[in-house]
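Enquirer: One structure, as structure tokens, below. Some questions next.
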Amino acid sequence: MLGIVDGLDDAQLLRAVVPSGWTVVGMLAHLASSTRFWLRDVMLDDGPHELVEDDYAVDPATQPREVVQAYADICASTAVAIGGLALHTVPAWWPEELWGGWRLDDLHEVLLHLLVETACHAGHLDAARELIDGGTWDYATGSVSVG
């Protein structure tokens with residue numbers, strides 16, 4: 001994710017290129033919120049469990065680079081925090097009021113859920129990047145090439 005957005009300036013990070021209006025910074029804010037929710041809140045019961053209704057919305061006073069850094073930070077710190085958990089570890093907290101009887105049973109299922117969501121959003125960011133400056137992610141080199 002961070003590689004896909006590398007090199008974009010603040011105006012580009014804030015530019016909406018799809019009709020729904022989300023921005024690159026908004027997508028990264030959503031991904032940070034999702035990572036925090038699934039791994040910190042659900043798996044570790046770490047936090048006040050404040051569910052953000054529109055986690056794509058970023059306060060206009062927030063600098064875009066702060067959001068990029070916050071996503072990098074939550075990914076790094078959460079990897080360390082859950083690093084010792086076994087895949088069969090059950091969630092420490094579950095938001096019963098949100099999904100009724102639906103539930104993910106263990107860390108393995110939570111990680112798969114988060115992986116699918118992140119992969120889907122990587123595709124969204126790829127498309128947004130191409131619309132913003134023509135850049136495309138090159139998996140072979142691990143970098144963006146701008147056409």
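Enquirer: Please find, within the range 1-20, the residue that is nearest to the chain's Cα centre (by Cα) out of those that are free of Cβ contacts under 8 Å to residues at least 40 places away in the same chain and farther than 12 Å from V58 by Cβ.
Expert: In the first step, residues of the range 1-20 are kept if they are free of Cβ contacts under 8 Å to residues at least 40 places away in the same chain; the result is 9, 11, 16, 19-20.
Right, trim to farther than 12 Å from V58 by Cβ and you get 9, 11, 19-20.
Numbers: D9: 19, A11: 20, P19: 20, S20: 18 Å.
Filtering the range 1-20 for residues that are free of Cβ contacts under 8 Å to residues at least 40 places away in the same chain and farther than 12 Å from V58 by Cβ, the one nearest to the chain's Cα centre (by Cα) comes out as S20.
Enquirer: Another one. When you scan the range 28-44, do you find a residue that is of a type in the set (A, V, I, L, M) and either in contact with a Ser or Thr (Cβ under 6 Å, 6 or more places away or on another chain) or not in a helix (DSSP H, G or I) (or both), even just one?
Expert: Looking through the range 28-44, at least one residue is of a type in the set (A, V, I, L, M) and either in contact with a Ser or Thr (Cβ under 6 Å, 6 or more places away or on another chain) or not in a helix (DSSP H, G or I) (or both).
Enquirer: Now for a different question. Given the residues G21, G47, G7, which is the only one that is surrounded by fewer than 16 Cβ atoms within 10 Å (Cβ to Cβ) and under 24 Å from V90 (Cα atoms)?
Expert: Result of the check over G21, G47, G7: G47.
Enquirer: Could you check the range 47-147 for helices (runs of 4 or more DSSP H) lying wholly inside it with 3 or more residues that are closer than 21 Å to T23 by Cα?
Expert: On the way: elements: 64-82, 96-99, 107-133.
Hits in the range 47-147: 64-82, 107-133.
Enquirer: Before we move on, is Q12 under 16 Å from L125 (Cα atoms), surrounded by 12 or more Cβ atoms within 10 Å (Cβ to Cβ) and in contact with an Asp or Glu (Cβ under 8 Å, 6 or more places away or on another chain)?
Expert: Taking the combined requirement at face value, the residue satisfies it.
Enquirer: On to the next question. What number of residues in the range 104-132 are in contact with a helix residue (DSSP H, G or I) (Cβ under 9 Å, 6 or more places away or on another chain) and farther than 14 Å from T89 by Cα?
Expert: Total meeting the criteria: 12.
Enquirer: Within the range 34-63, which residues are closer than 20 Å to L8 by Cβ and out of contact with any His (no Cβ under 8 Å at 6 or more places or on another chain)?
Expert: Within the range 34-63, A57, V58, D59, P60, A61, T62, Q63 meet the criteria.
Enquirer: Can you find, within the range 64-89, the residue that is surrounded by the fewest Cβ atoms within 10 Å (Cβ to Cβ) among those that are under 28 Å from A11 (Cα atoms) and in contact with a Leu (Cβ under 7 Å, 6 or more places away or on another chain)?
Expert: A72
Enquirer: Of the numbered conditions (1) touching an Asp or Glu at 6+ places or on another chain (Cβ under 8 Å); (2) closer than 13 Å to S34 by Cα; (3) not charged (D, E, K, R), C75 fails exactly one; give the number of that condition.
Expert: (1)
Enquirer: So, in the range 124-139, exactly how many residues are under 30 Å from L87 (Cα atoms) and modelled with pLDDT under 95?
Expert: Of the residues in that region, 1 qualify.
The values are calculated or read from the model by the stated rules, or taken from the named source; none is laboratory data. Quantities reported herein were computed from a predicted structural model and do not represent experimental measurements. When we count neighbours, we look across all protein chains shown, and the Cβ atoms used for this are built from the backbone with ideal geometry, even at glycine.
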